[in-house]
Amino acid sequence: MGNWTQVSHFTLGAYSDLGPLRWLYFVLTLSSYVLILGSNLLLIALIVLNRSLHQPMYLLLCSLFVNELYGSSALFPFLLFQILQDQHTVPYALCYFQIFCLYLYGSVEIFTIAAMSYDRYVAICRPLQYHSVMTHRKVALLVAGMWFAPSVAIGVLLWLSMSLPLCGNLIDRIYCGNYSIVKLSCKSVQLINIYGLFYTVLSMICPLFLILFTYGRILAVCLSAPGQARHKALSTCVPHLTSLLNFSFGSCSQIVMSRFDMSGIPDALAVFLSLYFFTFLPLLNPLIYGLKLSQIREQLRRLWFGNNTAT
């Protein structure tokens, strides 16, 4: 209990001696980051510059793509720097700042997916009320709330974590994680565990219930609709459901990696699971929505081939 020390930095213990392979990993990481930046910036610009896409669903998509840029930028420059280092240490304040950014990224991601599911619910189940319910003002307030509320909740979580006395500074990960730091505490962490459970329910379970409710109602309406209308409704939901499944796998990987002892799995698999959430979501979401949503696909075709899209 009394062997706590004043921690000025944390050591990341999941990095192995890469040797000459570090340059290969550096190039692969940099290439992934460039692809994330390019694809998300392209779709953001496409939505912003085309007035035909200034609709609630696409404005929410724009917020999603901004969040992908934000989350990946909170991690990839850090990884690129660490790959080239021989000693993998992180200053105390920078570590907590990274945790804040990554947690906010995850929270905004699930809230945005939930908001898009609600948008599809109103469009399909209450079409006559759609334009009165999903106004631009309401969408703007919704997006602002999706960023502000988690910021406050995560700030409280990290304030509780930073008040803990620590008995070490070794984190067995390749980037900073709050629970990895909490496990280093010299005293009881019951309070922060209770708050963490409360935060998880509000930020993960509640949006998930909203998503399940809305898609349950959408499915019920689609099953009773004529064939053509059913196909059109379901086709607009497929990208959202694919994104949800992608998010679910990534978030489950994060929880498993942070909460359980993963020393028995290969190092390569552990790194893959820990990076999936911050790599494959921002890489795949632009691809999913760019290919599946006809209006975005049409605007991309015009961008590349001009207005003459006749085949």
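The values are calculated or read from the model by the stated rules, or taken from the named source; none is laboratory data. What you are looking at is a predicted structure, and each value in this text was computed from that prediction instead of being measured. All Cβ positions, even for glycine, are placed from backbone atoms using ideal geometry, and neighbour counts span all protein chains on display. Quick note on the areas: whole protein, heavy atoms, side chains included, nothing else; ligands and nucleic acids left out. Shrake-Rupley method; radii C 1.70, N 1.55, O 1.52, S 1.80 Å.
Tabulated data
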read-out	value
Cysteines (scope the chain) whose Cβ has no counterpart Cys Cβ under 4.7 Å	C62, C101, C125, C206, C222, C237, C252
Full-extension gain in nm, R259 to F209, via 0.36 nm per residue minus C-alpha separation	15.7 nm
Nitroxide proxy distance, nm - points 7 Å out along Cα→Cβ at R22 and A93	2.7 nm
Whether region 1-66 is rounded, prolate or oblate, judged on the alpha carbon gyration tensor where a/c under 1.5 counts as rounded	oblate
Extension gain, A144 back to N193 (0.36 nm per residue minus Cα-Cα distance, nm)	14.9 nm
For region 12-25, Karplus couplings with θ = phi - 60° (6.51, -1.76, 1.60), whole Hz, Gly/Pro x	8, x, 8, 7, 9, 6, 7, x, x, 5, 4, 6, 5, 5
Theoretical gain in end-to-end length, A220 to L80 [0.36 nm per residue, Cα-Cα removed]	45.7 nm
Cα-projected label distance for V133 with C186, points at 7 Å along beta-carbon direction, nm	5.5 nm
Pairs of alpha carbons in the chain whose separation is greater than 36 Å (percent)	25 percent
For the chain, accessible area per residue (1.4 Å probe, heavy atoms of protein chains only), Å²	52 Å²
Segments 197-204, 78-85 sorted - mean Cβ within 10 Å per residue, highest first	78-85, 197-204
Surface share of carbon and sulfur [accessible, 1.4 angstrom probe, percent] for the chain	69 percent
